[in-house]
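The values are calculated or read from the model by the stated rules, or taken from the named source; none is laboratory data. Source: prediction; values computed, not measured. For neighbour counting, all protein chains shown are included, and Cβ atoms are generated from backbone atoms with ideal geometry for every residue, glycine included.
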Amino acid sequence: MPITIHLFAGLADAIGASRVTLELEPQPNGRTLRTGMLKEALARVHPHASDLIAISFIAVNQAYSADDVPISETDEIALIPPVSGGQDTVQDEQERSGSAMELYCLTNAPVSVEEVTSKVLDPNHGAAITFIGTTREITAGVRTVRLEYEAYAPMAIATLKQIGEEIFERWPGTKCAITHRLGVVDIKEISVVIAVSSPHRASCYEASRYAIERLKQIVPIWKKEVWENGSEWKGHQQGPWNPLSADERSADSANGSANINETPLNRESVRKEDSSS
């Protein structure tokens, strides 16, 4: 059974392809193929990337999944390495200018702070906060030349919308809009704008902080730091990462992610496909 896995950022670099197809034998005794078994199979084919595979999460049909979720060859499968966080399609400048009502966007063009902020202003709100993330030149004594951002675009939009829904639930009436830039972002340029408005300033401050922290936890956007003498994808250096338990309401679903007792896959072959295909 062929299963295609989409890969991103440092994981794609390590394996040398933006997606791979595993040819898997049917499971014995009618057992069900599950997400954790797929990770194990990929690690056996690519042992040099096994550490990064182990701390990555499978996404099934653009949703994070625990290791015990059944999968089939018709599912859209992606392996999400730790994110560094940020529309169904990436907008260019012309498309973006005509879509003021889109609250959650990815773009390759410079981000307009005024445009994002205008999406949340409300005559019944007494507070609005706009967070602007920019490229810092010096980090821990090392000079950054530029940042490069990559995203699993449809899932990124879905998780940005999820953040907005969580904010509305926690702080009723609060509005949120987020635009994240992709591609090359030079020093001092804007990578992300998060605008929040609320009836009162306390909830506005809290919601703004919540939005950026959640973005960095669950949105499949990756950042490559490019220095004068090298580069590195960021994310896995920060330690254990679990997007299913980042929000307390997801803790229950994460509890079942370990101790899978299915029979392991016994034979695999793999086909790589580069990013141009």
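Some observations on this one:
- Which numbered condition Ala202 fails, given (1) at pLDDT 55 or above; (2) surrounded by 18 or more Cβ atoms within 10 Å (Cβ to Cβ); (3) not acidic (Asp, Glu): (2)
- Filter pass, Glu40 being acidic (Asp, Glu), assigned to a helix (DSSP H, G or I) and more than 20 Å from Ser84 (Cα to Cα): yes
- Taken over the range 204-245, residues that are in contact with a Ser or Thr (Cβ under 6 Å, 6 or more places away or on another chain) and in a helix (DSSP H, G or I) amount to 3.
- The range 17-37, subset touching a Ser or Thr at 6+ places or on another chain (Cβ under 7 Å) and assigned to a loop (DSSP other than H, G, I, E, B), residue surrounded by the fewest Cβ atoms within 10 Å (Cβ to Cβ): Arg31
- Within the option set Ala66, Ala14, being closer than 25 Å to Gln217 by Cα and either in a loop (DSSP other than H, G, I, E, B) or assigned by TED's automatic domain parsing to the domain that holds Met155 (or both) holds for one residue only, Ala66.
- Pro110 meets all of the listed conditions (1) at pLDDT 95 or above; (2) surrounded by 14 or more Cβ atoms within 10 Å (Cβ to Cβ); (3) under 22 Å from the mean Cα position of the chain (by Cα) but one, namely (2).
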